[in-house]
Each structure stands twice: as C-alpha cells, then as structure tokens.
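Rule-based calculations on the coordinates, nothing more; no lab input. The model shown is predicted, which means the values in this text are computed figures rather than measured ones. All Cβ positions, even for glycine, are placed from backbone atoms using ideal geometry, and neighbour counts span all protein chains on display.
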Amino acid sequence: RSILTRFGTIDDEAKKIYGPVLVVNYGKGERMLKVEISTRQYPDHYEMLSLAGTFIRVMTMPDMFAHKLCAMGERLSPRDIY
C-alpha cells in the first residue's frame, strides 16, 4: 500500500484467496493499474544473473516454463495465448 500510494491513489482494494488486489489511479486522463499480490508458496528455483552490471535474482528457465504452462491451462480464451 505505501509503495503504491507514492504513485497515485488507490481506487479499489479487495482481499482474494491468494492475496490482495489493488487498483491504482494515476490521475485524470491516465490509465489505471491493477496490482495483484500473490502469497502462494512455490518450491521455485532462482539464480543470480548480471543485467547491465547489476546482479538480479531470476527464476530458472524450467520453473518459469512450468508456470507459463500452468497459466496457459487456466486461460479461458485462445487470444490470451500468444
């Protein structure tokens, strides 16, 4: 909440099964941003990679692919898969 309010106002907030969902309004004439925070625990694996000289924690390719396959199975419309 405190991070999002630095960028705009929170127009809507809901508690879902897997975590909170917030809608941030950037102001009149601007798009709104929906932020979903997942509190699910997965046994994911990460590695440290260098991006422009800064090391960041990145999910391994096999775990990322597994998440994409799961998400694809939950899609309702073929247009969601591209």
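Within a Cβ distance under 9 Å of G19, other residues only, what is the Lys/Arg minus Asp/Glu net charge?
Here the charged neighbours net out to +2.
Between K16 and T54, take the C-beta separation as r, use R0 = 35 Å, and let me know the FRET efficiency to the nearest 0.05.
Using R0 = 35 Å, I get an efficiency of 0.60.
If you fit an axis through the alpha-carbon atoms of helix 61-74 and take the longest principal axis of the Cα set of the chain, what angle between them do you get, 0 to 90°, nearest 10?
Tilt of helix 61-74: around 50 degrees.
Largest first and in whole Å, give the semi-axes of region 43-82's equivalent ellipsoid, each being the square root of 5 times a Cα gyration tensor eigenvalue.
In descending order the semi-axes read 27, 13, 6 Å.
Given region 14-78, report the % of alpha carbon pairs whose separation exceeds 19 Å.
For region 14-78, the share of Cα pairs beyond 19 Å comes to 60 percent.
What is the local net charge at R57, summed over the other residues whose Cβ is closer than 14 Å to its Cβ (Lys, Arg +1; Asp, Glu -1)?
-3
Normalised by the residues of region 43-82, what does the relative contact order come to in percent, with Cα pairs under 8 Å and at least six apart?
27
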